[in-house]
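Quick notes on the structure that follows.
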Amino acid sequence: MKQIDLKTGTACLIAAIILPVNAADLADSEKEILPTMFIEGEILTPGTVGVKPDMGGIGDAAVLLHQVPGANVNANGPLSGIAQYRGLFGDRVNVSSDGTNYKSACANAMDAPLSHVPAVLTETLSVKRGIASVSSGIETLGGSIVQQTRRGEFAEDDDILFSGRTANGYNSVNTGYYVSLFANIANQNHKIRGGGSREAGESYSWRDGVNRDTSYERNVGTVGYGFQTDDQDHEFDINYNYNDTHMSGTPSLPMDIVYSRGGVTNAEYSGVIADKYGLDVQFSYQDVEHQMNNYSLRGNIPNPRRRQSDNTAEGFGYKATFDIPLFDGNLLLGVDGDNIEHNAVITNPFNKPFIINNFNDVTRDRYGFFAEWKGDLAQDWNFELGTRLNWVRMNAGTVSAAGAPPFAPGKPGSKLAADFNASERLKNDVNFDVVGVVTHYLSSDMAVELGFGRKTRSPSYQERYLWMPLNATGGLADGRNYIGNVDLIPETSYQAEIGFDWQAESVYVTPRVFYRYVQDYIQGTPTQNQAALAIDPNTLEYTNVDANLYGVDLDAGYRFLEDWRVDFRLSYVRGRRVDVSDNLYRIAPLNGQIGLFYDTEEWLVGTEVVGYDKQTKTSEYNDEVPTAGYVTWNLRMQYRPEYKYVNGLQVGFGIENLLDKGYRVHLSGLNRNPTNDGTEIGEHLPGPGRNFYATLSYDW
Ligand SMILES: [Cu+2]
């Protein structure tokens, strides 16, 4: 692998930490003509951006997406960040963590996939820009995000290797802190690792108040073991992550997290057979439970309106691929799938008769089969062609509710339950995906890419099986009640993309333009269901409509005067319905960032300006509230002393939102917490005020 010396010192330091595990994986599918670049906290291979937790007092791994062009976060709470990529979010974006598709237990995605393993135990978060390969996930309509957690490494010689890292930080804006420790002991054949982290903080303050309640507490533990043969042809790894989240706020949702806890186990074998065939087999199992309520963090909610909801997600996933050299490339044949069961009940602990079977024995099982060829068509011409067939089988048990007037015989709630129980709930979808990407290398540091994709997504279990008007919507946070529709059909997306990568010695520019048409895009529209309307006259029903999304995003940077660099990032997406005149909901406004840093082996000192435009192209169907634009200014400093005995030590200080600008975050949803100070019910949540942070890490 070639590596560009953007700045020798920094590059080497970062490369030393991450190269053994990540750079090769990030670049596995790309023909390495363009060099891989290492910028502070970022790894660029052609077509992929990898982010490494580095600066600032970050907590949720989803926050790292702010460093990826086109990506953003729907943050319903400090630990509940839902990935958004180019205007699509939630179940439309595939999130894989060490090969596992974590399924939220919470029907409102409070335990979103990127919340299971925090940033501090994440090695890299990488996003394939543009059209995700069919091999990257089962349903990848909106793109594919890959989280790799810390896994340790094998020793390279006969010695025993003891490596590890501790990373810790403090934020003033919420008196929040995180501490973490990860250690790995290995020889050439075995490695054993363990680690853990703890994060906690109060509600953060901002110029005009305190954003209540955004307090949080999360403890995570991880253990693992890896084995490889002497010839390194066969490798086996097993890992277990346990997440123990305590009371944490999600002010844009109807309730807050009381707890989320549970574990994910994953095991993987990868090997080379007969010196040329690659075999990779993965298996994962998750069992997580979650409780939320609307009274612990929301002041004095009167007894009749108190609610608690208990949710679970349990199931397994697998993936097996066989890699065969074919022509001037490789053919990858694979099967993958997962079987997940969800349950959710809503109760009032102060009024025992009250119970709603929100989701009862809901299953969503996916069986995927794919073939993908990548290779060279001719000198400087690289080609990828992939096809995938998915069978998605969904079902739901019968439901009931009691303890409130709508559930009396003959009342609307009872009718909705009876109608749902009488409906044909077993659904089978057979979906077909195709991806074709051509890359042409114009020179040793310049490439142009043209891609096309047809991608599908079957409805989520909420979209199909939400049987009475509730705000259990996978975290939409629009304040509206929805009902599902068992007869929804899968979404089909057609996307095209043109990308250009120029990655030279002192400059990189990587603009991309995309267009996408989504046939049968699923969103809420006013329902005609009279029983639902009798419960809430503003109820929306999930419906198949048509939509398109288009935009541009880019990363660029320039290094000058040996030790200085300037970096720039821009993201723009526009999303519209095309069957009627309306905008899509919760689309990130035009945003960008420019940074100027003095960057040497020892010092990193600089400043960033982050700008968000107003978002006035909002959706009418759910009365989405527009937001104003804003600019914030950050100062950051990192120091890595160059003395022998403290090699690996890094201290950081910084001030985020230096001018204490008050602003509303378009993607953070609408406030529902009556105790919020400075934000009315239905108003967008604010961003954090001025934050002084300090970090201390040590790698050995
Ligand atoms: Cu929840």
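Just a few scattered comments:
- Answer residue from segment 102-127, given it is hydroxyl-bearing (Ser, Thr, Tyr) and within 20 Å of ALA472 (Cβ to Cβ) and is nearest to the ligand (Cβ to nearest atom) among those: SER104
- Residue list for segment 122-153, filter: part of a loop (DSSP other than H, G, I, E, B), modelled with pLDDT under 95 and over 20 Å from LYS319 (Cα atoms): ARG129, GLY130, ILE131, ARG150, GLY152, GLU153
- Going through (1) closer than 18 Å to GLY592 by Cβ; (2) within 26 Å of the chain's Cα centre (by Cα); (3) charged (D, E, K, R) one by one, LYS661 falls short only on (2).
Per-residue answers, yes or no, for (1) over 30 Å from GLN495 (Cβ atoms); (2) part of a strand (DSSP E or B):
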position: ALA556; (1), (2): no, yes
position: ARG565; (1), (2): yes, yes
position: PHE568; (1), (2): no, yes
position: VAL580; (1), (2): no, no
position: ILE594; (1), (2): no, yes
position: PHE597; (1), (2): yes, yes
position: GLU608; (1), (2): yes, yes
position: LYS617; (1), (2): no, no
position: TRP633; (1), (2): yes, yes
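- Scanning segment 267-285 for residues that are out of contact with any Leu (no Cβ under 9 Å at 6 or more places or on another chain) and either within 16 Å of the ligand (Cβ to nearest atom) or modelled with pLDDT under 95 (or both) gives ALA274, ASP275, LYS276.
- Look at (1) on the phi > 0 side of the Ramachandran plot; (2) modelled with pLDDT under 95 and you find that ASP361 fails only one, number (2).
- Residue check for GLY57: more than 25 Å from PHE316 (Cβ to Cβ) and either crowded, with 22+ Cβ neighbours inside 10 Å or modelled with pLDDT of 95 or more (or both): yes
- Given (1) surrounded by fewer than 21 Cβ atoms within 10 Å (Cβ to Cβ); (2) within 26 Å of SER697 (Cα to Cα); (3) in contact (Cβ under 8 Å) with a residue 40 or more places away in the chain, number of the condition GLY195 does not satisfy: (1)
- For segment 84-101, filtered to residues that are in a loop (DSSP other than H, G, I, E, B) and over 19 Å from ASP553 (Cβ atoms), the residue that is farthest from the ligand (Cβ to nearest atom) is GLY99.
- Look at segment 387-400: where a residue is more than 29 Å from ALA418 (Cα to Cα) and a partner is charged (D, E, K, R) and surrounded by 16 or more Cβ atoms within 10 Å (Cβ to Cβ), sitting 6+ places away or on another chain with Cβ atoms under 7 Å, you get THR387/ASP433; ARG388/ASP433; ASN390/GLU139; ASN390/ARG366.
- Residue that is farthest from PHE359 (Cα to Cα), among those in segment 302-333 that are in contact (Cβ under 8 Å) with a residue 60 or more places away in the chain and away from the ligand (no atom under 16 Å from the Cβ): LEU332
- Residues of segment 394-414 that turn out to be part of a strand (DSSP E or B) and surrounded by fewer than 17 Cβ atoms within 10 Å (Cβ to Cβ), as a count: 1
- All conditions but one from (1) at pLDDT 90 or above; (2) within 17 Å of GLY196 (Cα to Cα) apply to VAL93; the one that does not is (2).
- Residue pairs meeting the criteria (Cβ under 6 Å; at least 6 apart or on separate chains; first closer than 18 Å to ALA267 by Cβ and among the aromatic types (Phe, Trp, Tyr), in segment 283-294; second within 11 Å of the ligand (Cβ to nearest atom) and not in a strand (DSSP E or B)): none
The values are calculated or read from the model by the stated rules, or taken from the named source; none is laboratory data. All of these numbers come straight from a predicted model, not from anything done at the bench. FYI the Cβ positions are ideal-geometry reconstructions off the backbone, even for glycines, and counts take in every protein chain you see.
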